[in-house]
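Structure first, commentary second.
The values are calculated or read from the model by the stated rules, or taken from the named source; none is laboratory data. It should be emphasised that the depicted structure is a prediction, and the values quoted were computed from it without experimental measurement. Counting neighbours? That spans all protein chains shown, and the Cβs are built from the backbone with ideal geometry, glycine included. When the accessible area is computed, the model is the full protein with side chains, heavy atoms only, and any ligands, DNA or RNA have been set aside. Shrake-Rupley method; radii C 1.70, N 1.55, O 1.52, S 1.80 Å.
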Amino acid sequence: MTRTLFIVAVILAGCDSAPATCPIPTEPIRVADHHGEAIKLTTRWVGDHAYYLVELADAPMSLYVGPRCEVAPLVTRGASMLPARIHLDPADDDPTLACDQYGHFFYLDLLGEQLPALAYPDLSCRTTPTAHGLLVGRPLGAGPGLYLYSAFPETASATQIDDYGLFATLIGDFVYFKDDLYTVARMNLATREITNVASSVDDWQVSETHFLWRERVKDEASPIYILDLATGTQVQLGTSTEEQDGTTSLSQLWRYDPIAELVIHTPIAEGLAIEAFTVNGEPVPLPAPGTPSQILPGHGVISRVEDEQYFYTRFGAKGPIALDLHLTPEEDYSAPPFADDRLEFVRDDDLWVVPLDGSPSSLLATEVGDRPKWIDEDHLITLRDGALTTIEISSGRRRVHARGVSAFTTPGELSLDGAHYVDADGVWYLPPTELLASE
């Protein structure tokens with residue numbers, strides 16, 4: 001009997017290195033001749049080119065591709081395409097080879113004179129470059145399988161890793177995958193050696209040091225195990241039942257925190273306590289009340305009770321800390337990317353700071369819009385009423401970069417040397433010298 005399986009997910013990609021910087025202009029420069037209000041701008045770079053994907057509210061999305069910091073022509077409309085990743089360094093990738101939202105390769109005419117042409121129809125463009133070659137699966141509907149190409153796209157260079165291609169995760173030189181429906185194995189990409197990791201696996205997640213998994217047991221409580229990948233030592237942490245956890249995926253209920261070296265269990269059933277365990281299976285105090293809201297890796301848990309009161313509980317603490325944080329159902333908080341001692345939330349366009357030690361919240365900046373983005377520890381970039389503005393927190397100074405802006409990217413989304421935005425006259429590059437507030 002032949003079974004047709006589909007590739008659901010392929011590999012976690014590594015971080016891109018920084019591209020060669022543009023000659024730094026002294027003022028914003030237009031990089032695409034786009035007209036129309038945008039609801040989203042996505043930017044990527046490949047080789048010495050940049051992709052600008054502009055999503056519109058009432059028209060097909062538009063893709064512009066051209067040399068970085070120069071005017072990019074319109075290449076295609078109506079398709080969501082970004083650069084196909086082939087090499088470890090994006091600078092070595094081909095700007096004419098794109099990946100669409102359905103996992104298909106396409107060749108682009110960078111002059112915009114020809115429609116995109118389907119390329120490599122038997123392969124998925126949801127690839128992962130590694131130091132040992134390119135991990136490639138099959139597109140949805142084209143058959144199962146996961147392959148390692150040492151010289152993509154040469155078929156002779158492909159080594160088949162598995163027959164299923166369902167789930168795979170890259171950790172260092174190892175790729176973890178489903179060897180059959182309920183067995184997880186791993187391949188050493190350097191030696192091509194394959195070894196079994198666990199059998200009767202219902203769901204799993206893996207880190208550099210540990211393999212956390214739920215056993216497939218029919219009509220019974222499913223044991224949860226953690227396996228030390230270096231020693232082979234395996235410990236049962238507890239069980240997962242439908243009453244406790246429903247049918248939610250393992251990663252949403254049981255999570256390994258490699259910084260704290262703890263496993264945290266956040267059951268969905270009301271009245272059940274949040275739990276924490278060492279990798280040896282020993283319980284760790286975690287008296288977090290209410291419903292879990294967020295795990296702060298290496299630190300603790302944010303939880304919420306019915307009256308919208310939030311608490312912070314450190315791993316191993318004797319009790320929770322009540323935070324000066326009371327949100328409406330329409331409001332949300334965030335953890336800043338550079339600080340581990342506070343949360344933030346926006347109310348009525350003002351940005352507030354909530355210390356995790358339980359002290360009163362304080363106003364940090366006014367008129368920040370509803371989604372400000374941090375540039376560094378002292379600067380925010382935000383869009384409010386069409387005005388793209390940088391705010392210097394320490395001095396309160398502001399710099400309005402442009403008005404009539406409908407979408408923008410943060411400096412890190414394309415590269416570390418500038419930002420991009422869309423207004424009625426096109427897509428613009430905002431150099432780093434213009435980002436900091438000086439007015």
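Inspect all residues belonging to segment 161-171 and state whether any of them is touching a strand residue (DSSP E or B) at 6+ places or on another chain (Cβ under 9 Å), loosely packed, with under 14 Cβ neighbours inside 10 Å and of a type outside the set (D, E, K, R). Give the steps one after another, and end with the answer.
Residues of segment 161-171 that are touching a strand residue (DSSP E or B) at 6+ places or on another chain (Cβ under 9 Å), as a first pass: 161-171.
Next, only the ones that are loosely packed, with under 14 Cβ neighbours inside 10 Å stay: none.
No, there is no match, as no residue in segment 161-171 is touching a strand residue (DSSP E or B) at 6+ places or on another chain (Cβ under 9 Å), loosely packed, with under 14 Cβ neighbours inside 10 Å and of a type outside the set (D, E, K, R).
Residues to consider are ILE194, ILE224; find the one that is within 29 Å of GLY298 (Cβ to Cβ) and modelled with pLDDT of 90 or more.
Values: ILE194 fails: within 29 Å of GLY298 (Cβ to Cβ).
Selected residue: ILE224, the only one of ILE194, ILE224 that is within 29 Å of GLY298 (Cβ to Cβ) and modelled with pLDDT of 90 or more.
Go through ASP332, ASP340 for me and flag whichever is open to solvent by 20 Å² or more (accessible area, probe 1.4 Å), under 22 Å from TYR256 (Cβ atoms) and under 25 Å from the mean Cα position of the chain (by Cα). Give the steps one after another, and end with the answer.
Working: ASP332 fails: under 22 Å from TYR256 (Cβ atoms).
Only one candidate passes the filter, namely ASP340.
Answer yes or no as to whether ASP179 is open to solvent by 40 Å² or more (accessible area, probe 1.4 Å), closer than 30 Å to ALA84 by Cβ and either in contact with a strand residue (DSSP E or B) (Cβ under 8 Å, 6 or more places away or on another chain) or aromatic (Phe, Trp, Tyr) (or both). Outline the logic, then answer.
Numbers: open to solvent by 40 Å² or more (accessible area, probe 1.4 Å): yes; closer than 30 Å to ALA84 by Cβ: yes; either in contact with a strand residue (DSSP E or B) (Cβ under 8 Å, 6 or more places away or on another chain) or aromatic (Phe, Trp, Tyr) (or both): yes.
When the stated conditions are applied, ASP179 passes them.
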Looking only at segment 199-257, and only at residues there that are among the basic types (Lys, Arg) and more than 16 Å from THR183 (Cβ to Cβ), the one that is most open to solvent (accessible area, probe 1.4 Å): LYS218
Within segment 258-273, considering residues that are over 18 Å from SER222 (Cα atoms) and within 27 Å of the chain's Cα centre (by Cα), the one surrounded by the fewest Cβ atoms within 10 Å (Cβ to Cβ): ILE259
Failed item in (1) more than 26 Å from the chain's Cα centre (by Cα); (2) open to solvent by less than 30 Å² (accessible area, probe 1.4 Å), with GLU308 passing the rest: (2)
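Of all strands (runs of 3 or more DSSP E) completely enclosed by segment 48-164, which ones contain at least 1 residues that are more than 21 Å from the chain's Cα centre (by Cα), within 17 Å of ASP33 (Cβ to Cβ) and without any contact (Cβ under 8 Å) to a residue 60 or more places away in the chain?
The qualifying strands (runs of 3 or more DSSP E) are 49-56, 62-67, 74-77.
Considering only segment 84-137, state which residues are open to solvent by 60 Å² or more (accessible area, probe 1.4 Å) and within 20 Å of LEU148 (Cα to Cα). Step through it out loud before you land on a result.
Pass one, segment 84-137, residues open to solvent by 60 Å² or more (accessible area, probe 1.4 Å): 87-88, 92, 94, 101-102, 107, 111, 113-115, 118, 120-122, 126, 131.
Passing the criteria: HIS87, LEU88, ASP92, ASP94, TYR120, PRO121, ASP122, ARG126, ALA131.
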Scope segment 288-318; condition assigned to a loop (DSSP other than H, G, I, E, B) and within 22 Å of ILE259 (Cβ to Cβ); matching residues: ALA288, PRO297, GLY298, HIS299, PHE315, GLY316, ALA317, LYS318
Considering residues of segment 343-358 that are out of contact with any Ser or Thr (no Cβ under 8 Å at 6 or more places or on another chain) and either free of Cβ contacts under 8 Å to residues at least 24 places away in the same chain or open to solvent by 40 Å² or more (accessible area, probe 1.4 Å) (or both) only, the residue farthest from SER406 (Cα to Cα): ASP357
